[in-house]
1. Can you work out which of the residues in the range 184-208 that are hydroxyl-bearing (Ser, Thr, Tyr) and farther than 22 Å from Gly230 by Cβ is surrounded by the most Cβ atoms within 10 Å (Cβ to Cβ)?
2. Return the pair list, or none, for Cβ contacts closer than 8 Å from residues in the range 204-229 that are among the acidic types (Asp, Glu) to residues that are surrounded by 12 or more Cβ atoms within 10 Å (Cβ to Cβ) and assigned to a loop (DSSP other than H, G, I, E, B), at least 6 apart or on different chains.
3. How many residues are of a type in the set (S, T, N, Q), in a helix (DSSP H, G or I) and within 21 Å of the chain's Cα centre (by Cα) if we restrict to the range 183-210?
4. Tell me, which residue of the range 53-93 that is assigned to a loop (DSSP other than H, G, I, E, B) and aliphatic (A, V, I, L, M) is farthest from Pro221 (Cα to Cα)?
5. Tally time: how many residues in the range 94-123 are surrounded by 13 or more Cβ atoms within 10 Å (Cβ to Cβ) and assigned to a loop (DSSP other than H, G, I, E, B)?
6. When residues of the range 213-229 are filtered for being more than 20 Å from the chain's Cα centre (by Cα) and not in a loop (DSSP other than H, G, I, E, B), how many remain?
7. What is the number of the single condition among (1) over 28 Å from Lys56 (Cα atoms); (2) free of Cβ contacts under 8 Å to residues at least 12 places away in the same chain that Leu144 does not meet?
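Please treat every number below as a calculation from the coordinates, not as lab data. What you are looking at is a predicted structure, and each value in this text was computed from that prediction instead of being measured. A quick note on method: Cβ atoms are made from the backbone with ideal geometry, for glycine too, and the neighbour counts reach across all protein chains shown.
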Amino acid sequence: MRTRMQTRIAALGIALLCAAAASAEDRAPSPGTSTWFSQVLSHSDTGLNVTYFWSKGARLRAETVVAGRRVTTIVSGNTYYAYDAVAQNGIAVTRSPKAIAIDARGERPFGREFENLVSQGAERVRDEDVMGRACEVFRLTDDLGRRELWVTKDKLRLPVRVVVFRRDAQKTTTTDFVNWLTGLSIADGFFEPESSIALQRLDFETYVKRSSTGEPIGPVPVLYTDLLVGR
């Protein structure tokens, strides 16, 4: 029953993508000032996870619920925030100079699977429609496993679906990007933590040291390390 429900949710989301992606292409604002939103559904044998992404220029806010905790990530300027909105605590880490330098490119900070996968050597393997949307499929196979990407054929190259097979765990995860929207009016304050959140502040060197030793870092995981460390 759960598997059928996951399939229906994913199918509905992809249908929304088809209409929203076409609208996004028509209304895409200029780089550096653009705003984006997408709902992302990831499902595997272990269950379904839903994440919401917003961005404004290089700033990012992402929210997902893990084991009853609303994990919130905010990337704004020189700081990476990761906190539990339920327990009202988290960390604020100074980002690396490498990560901050990437902000100047004006790129959307999420949904860049096409650029990332192609830069690693992924090759186009076929064309395929997803719920009526024309897509190109790219594949990368290496020692880690196999990654396949369905991306829109228009100039935006929006990711539609990503399927990752991990060889070590023999596990496949499918991620669908749905309900793409752009040109939203988003207040700058949306990319700042709520004043009620108790934050432990760490410089980048302290974060790296703790990470290398396996020492716990905050109440929630750092989910988007490329935005903290750099690609």
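1. Ser196
2. Close Cβ pairs (under 8 Å, with a partner that is surrounded by 12 or more Cβ atoms within 10 Å (Cβ to Cβ) and assigned to a loop (DSSP other than H, G, I, E, B)) do not exist here.
3. 0
4. Step by step, filter the range 53-93, then rank; the result is Ala58.
5. Summing the residues that are surrounded by 13 or more Cβ atoms within 10 Å (Cβ to Cβ) and assigned to a loop (DSSP other than H, G, I, E, B) in the range 94-123 gives 10.
6. 1
7. (2)
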